[in-house]
Amino acid sequence: MDTKVRSLVALNVVGGSAVLASYVVGLGAVPGDALWGGVPDSIRPLYTVNMFFAAAGYFFFTAYILFRLDSGTTRVAGRFGYGIFHLFYALVLFPSALWLPLTALMAEQPGLASWVSVRIDLALVAFGALGLLASLISLGPGAPKGRRLAIAGLVPFCLQTVVLDALVWPAFFPFSAHYFG
């Protein structure tokens, strides 16, 4: 395993650990249904089910990037090298680790700054997820076998991070007196 791949593994281990740690610490810090905000009960099961598909998909596309792509010859969109994956994973992992603490802050100290911070955080994760998807799509038909499965793994991941987390969830936290008295 070369240096670029090892550093991407390390980024996933450190970033993934930070995400998991933020959940372990943060879930006890946010009261009741505060994490759901105004998300209707009728769509909450979609989040729960898709989280499992998104997590499984993460392993599929990450395994493909780590073990199927040649870090020395991979060209993303014909111009970027393998290192672009480091950027997109960092955008997914580190803001993901900040989401729960930022949301807890928003629940405890509601205001414009905390609301904007959460929205920016989720937008960064969405951008990183879309960057990963665009990268794998741009590899084209000459990419190593398994690319379609990796892309299929990215679909529920993007549904979670782009649609449900960055668009739907924040829509139920409008900046108004209802939430921020």
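Throughout, read-outs are computed from the coordinates displayed, never taken from laboratory work. Just so it is clear, the model here is predicted, and its values are computed rather than measured. Cβ: placed from backbone, ideal geometry, glycine included. Neighbour counts: every protein chain shown.
Computed values, structure above
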{"item": "Column: log10 I(q)/I(0), Debye, Cα scatterers of the stretch 1-51, q = 0.23, 0.30 Å⁻¹", "result": "-0.92, -1.06"}
{"item": "Sorted peptide list for 65-72, 128-135, 106-113, criterion being average Cβ within 10 angstrom, highest first", "result": "128-135, 65-72, 106-113"}
{"item": "Degrees, to the nearest 10: 112-138 long Cα axis against longest axis of the chain", "result": "20 degrees"}
{"item": "Coordinate range along principal axes, alpha carbons of the stretch 1-159, Å, largest first", "result": "49, 32, 25"}
{"item": "Relative contact order (%) - the chain, alpha-carbon pairs under 8 angstrom, separation at least six", "result": "34 percent"}
{"item": "Folded to 0 to 90 degrees: helix 147-158 orientation relative to the chain principal axis, Cα", "result": "10 degrees"}
{"item": "R0 of 30 Å, Cβ-Cβ distance Ser42-Leu149: FRET efficiency to nearest 0.05", "result": "0.40"}
{"item": "Radius 12 Å from Cβ of Gly72, net charge of other residues (Lys, Arg +1; Asp, Glu -1)", "result": "0"}
{"item": "Pairwise centroid distance, computed over Cα atoms, of the stretch 90-164 with the stretch 62-76, Å", "result": "20 Å"}
{"item": "Amide H partners (placed H, <5 Å) of Phe80, local residues excluded", "result": "none"}
{"item": "Using alpha-carbon coordinates, inclination of helix 3-27 to the longest axis of the chain, degrees", "result": "20 degrees"}
{"item": "Positive minus negative residues near Phe61 (Lys, Arg vs Asp, Glu; Cβ under 15 Å)", "result": "+4"}
{"item": "Taking only Cα atoms of the stretch 1-85, radius of gyration then Dmax in Å", "result": "17.5, 49"}
{"item": "Relative intensity, log₁₀ I(q)/I(0), of the stretch 88-181 from a Debye sum that treats every alpha carbon as a point, q = 0.20, 0.23 Å⁻¹", "result": "-0.91, -1.09"}
{"item": "5 angstrom amide H check on Leu139, placed H, neighbours 5+ away", "result": "Ala77"}
{"item": "Near-label residues of the stretch 137-175 by backbone N, under 11 Å of a point 7 Å along Cα→Cβ of Ala56", "result": "153"}
